[in-house]
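Take a look at the structure set out below.
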Amino acid sequence: MSAPFLSIVTVNRNNRDGLRKTLESVLSQENFPADRLEYIVIDGASTDGSAALLQEYAAKRSFPQHISWWCSEADSGIYNAMNKGLARASGEYILFLNSGDYLASGTMLQQLASLQLSVDIAYFDVYLYYPDRTKLLIFPDTITPQFYVSGRCLNHQAVLIRTELHKRHPYDESFRIVSDSDFFIKTIIRDSCSNRHYRIALSYYEAEEGFSSNPATRKLLHEEMSVLLSRYFSDATLNDIRELLDFKYGYGGLLRKARRFFMLFSKKKH
């Protein structure tokens, strides 16, 4: 029996409402053979009824898709839970769609399969949704060191990774926030794994409104990112990239935009 095309892993802890949204999104996918999807759900011993919800949905036979395997047990953090799902995955590609996230359409899996992927990493665009608004996040066609040094990252909700590759590089559980970035820097930038950007919105990501405004979280993110970048880039390289970014987007960039504006204004006057 051939391996499924895709393993979707959903990680959850005490987010019952978000979990329901994600389950409904995956299980209701139409025009896609059920044996081509492996759906794995890892619950971190939730105390809000998430396990009972999982049991209910695992027993349902009214959806086009089904849950292949699930558990509810303690873990040491989100990346530990994601690695548990990775260890169980057997699909050609893997997608992490955590509780609260959902696929962009009811036929998204069919659309992904029609692309006939051959790269190690296929990344897509993603919708960030907040309580009062939605924003489309479009990624660049080429991922460079500048992308990460500038503070950006690929969202795992928008990336299909060859499962064999990911198993060789599981998430670094010493990080609490930036292990996704660690994986992509390691594979795309350091190892030059084949990758391609598809200008398709793959999913909706439940963005945390207070994440960047929380001083403790912001401090941890900065600390972990500093450690991560120093793993792969020398101080001299980082300084060069930051100077380039400052010139492109900072003071130097503003001067160029101002010159362009005044040149255009002068031409209009004449």
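Structural remarks
- For the stretch 44-88, radius of gyration divided by Kirkwood radius, i.e. Rg to Rh on alpha-carbons: 1.01
- For Arg88, solvent-accessible area (1.4 Å; no DNA, RNA or ligand), Å²: 120 Å²
- Taking all protein chains together, Lys21, Lys186, Lys219, Lys60 sort by accessible area into Lys219, Lys21, Lys60, Lys186, largest first [probe 1.4 Å].
- The Cα atoms of the chain define a convex hull whose projected area, averaged across directions, is 17.9 nm².
- Relative to the dominant Cα principal axis of the chain, helix 78-88 is inclined by about 50°.
- Each residue of the stretch 60-218 gets 146 Å³ once the volume of the Cα convex hull is shared out per residue.
- Helix axis angle, 215-232 relative to the chain longest principal axis, alpha carbon, degrees: 80 degrees
- Carbon plus sulfur fraction of accessible area for the chain, probe 1.4 Å, in percent: 52 percent
- Counting only protein heavy atoms and using a 1.4 Å probe, the accessible area of Thr47 comes to about 120 Å².
- Only alpha carbons enter this Debye calculation for the stretch 1-113, each as an equal point scatterer, and the log10 of I(q)/I(0) it gives at q = 0.16, 0.19 Å⁻¹ is -0.65, -0.93.
- Given +1 at the Cβ of Lys and Arg, -1 at the Cβ of Asp and Glu and no other charges, the dipole of the chain around its Cα centre is 1420 debye to the nearest 20.
- Of all the options Ala113, Ala89, Ala51, the one that moves most in a Gaussian network model of the chain with Cα springs shorter than 10 angstrom is Ala113.
- C-alpha long axis of helix 251-269 to longest principal axis of the chain, angle in °: 70 degrees
The values are calculated or read from the model by the stated rules, or taken from the named source; none is laboratory data. Note that the structure is a prediction, hence the values are computed from the model and not measured. FYI the Cβ positions are ideal-geometry reconstructions off the backbone, even for glycines, and counts take in every protein chain you see. Side chains are part of the model used for accessible areas, which takes the heavy atoms of the whole protein and leaves out ligands, DNA and RNA. Shrake-Rupley method; radii C 1.70, N 1.55, O 1.52, S 1.80 Å.
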